[in-house]
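Shown next, in structure tokens, is the structure this report addresses.
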Amino acid sequence: MTLRDISIALAAGTPEWPGDTPFSCGWTWRKDAGASVNLSSFTTSPHVGTHADAPLHVRDGWPAADAMPLAPFTGPARVIAPEHVGALAGERVERLLLRTGRSIADGAFPADWPVLALDAVRALLGRGLVLLGVDAPSVDARESTTLPVHHCLFEGGAYILENLDLRGVPDGRYELTALPVKLAGLDAAPVRAALRPLS
């Protein structure tokens with residue numbers, strides 16, 4: 001079975017959303033200093049790197065990361081560019097991953113990125129969408145403060161992956177595995193996302 005890792009590594013220097021808590025790490029114990037084991041620690045926002053947003057991210061009282069169901073994050077998925085979403089008209093798509101080409105995988109936080117119109121999101125929800133993933137930092141525009149796509153997806157029972165690494169991933173059908181870490185009470189969770197091509 002061929003699995004393609006589409007996660008962005010968490011490391012010092014992984015671009016964070018401007019103003020968010022960056023990833024940092026260090027060593028608590030080191031074997032070369034006489035400890036019995038190497039023991040590390042890290043600090044980060046759960047939105048740095050590849051992650052799933054929880055509904056709590058956009059509304060108080062909505063489910064946190066540990067309450068997100070697992071089923072939306074594993075199963076058949078389509079990878080396409082945003083401008084090709086119209087070609088899916090009438091087709092049932094449960095998991096859609098959009099390759100915008102505006103990714104932090106290139107080492108910098110992008111200035112902007114394309115987003116789906118709300119009519120397109122509603123149409124996808126009506127055809128069975130349970131997960132929308134993007135290689136960009138958000139499913140909404142960078143300057144948005146109301147986050148309409150987040151709200152529309154969560155209200156429609158769908159979930160969100162952001163900061164995927166889809167560089168070089170061709171359009172097509174895949175099996176997705178991208179399970180969120182069970183972080184109690186938080187607004188997002190890191191994932192290790194992978195694709196297996198479907199024939």
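The values are calculated or read from the model by the stated rules, or taken from the named source; none is laboratory data. Note that the coordinates shown come from a computational prediction; the quantities given were computed from them, not determined experimentally. Virtual Cβ from ideal backbone geometry, glycine too; neighbours counted across all protein chains shown. These accessible areas exclude ligands, DNA and RNA; they are computed on the full protein's heavy atoms, side chains included. Shrake-Rupley method; radii C 1.70, N 1.55, O 1.52, S 1.80 Å.
Here LEU56 meets the list (1) among the aliphatic types (A, V, I, L, M); (2) modelled with pLDDT under 95; (3) surrounded by 14 or more Cβ atoms within 10 Å (Cβ to Cβ) almost entirely, failing just condition (2). Each residue in region 172-188 was checked for being farther than 23 Å from ASP20 by Cα and either free of Cβ contacts under 8 Å to residues at least 60 places away in the same chain or of a type in the set (Val, Ile, Thr) (or both), and 1 of them qualify. Taking THR145 as meeting all but one of (1) open to solvent by 10 Å² or more (accessible area, probe 1.4 Å); (2) under 18 Å from ALA54 (Cα atoms); (3) touching a helix residue (DSSP H, G or I) at 6+ places or on another chain (Cβ under 7 Å); (4) in a loop (DSSP other than H, G, I, E, B), write down the number of the exception. Of the numbered conditions (1) open to solvent by 10 Å² or more (accessible area, probe 1.4 Å); (2) under 18 Å from ALA54 (Cα atoms); (3) touching a helix residue (DSSP H, G or I) at 6+ places or on another chain (Cβ under 7 Å); (4) in a loop (DSSP other than H, G, I, E, B), the odd one out for THR145 is (3).
Taken together, the residues in region 14-33 that are open to solvent by less than 70 Å² (accessible area, probe 1.4 Å), part of a loop (DSSP other than H, G, I, E, B), without any contact (Cβ under 8 Å) to a residue 60 or more places away in the chain and not acidic (Asp, Glu) amount to 3.
Entry remark, region 166-199: residues being farther than 20 Å from PRO137 by Cβ, touching a strand residue (DSSP E or B) at 6+ places or on another chain (Cβ under 9 Å), outside any strand (DSSP E or B) and not hydrophobic (A, V, I, L, M, F, W, C) number 4 in total. Of the residues SER36, SER41, the single one that is of a type outside the set (Val, Ile, Thr), exposed (fewer than 11 other Cβ atoms within 10 Å of the Cβ) and in contact with a Cys (Cβ under 8 Å, 6 or more places away or on another chain) is SER41. Of the strands (runs of 3 or more DSSP E) lying entirely inside region 50-108, those containing at least 2 residues that are in contact with a Gly (Cβ under 9 Å, 6 or more places away or on another chain) and either under 19 Å from ALA194 (Cβ atoms) or touching a residue at least 40 places away in the same chain (Cβ under 8 Å) (or both) are 74-80, 95-98. Between ARG127, ARG167, ARG173, the distinction of being charged (D, E, K, R) and within 16 Å of the chain's Cα centre (by Cα) belongs to ARG167 only.
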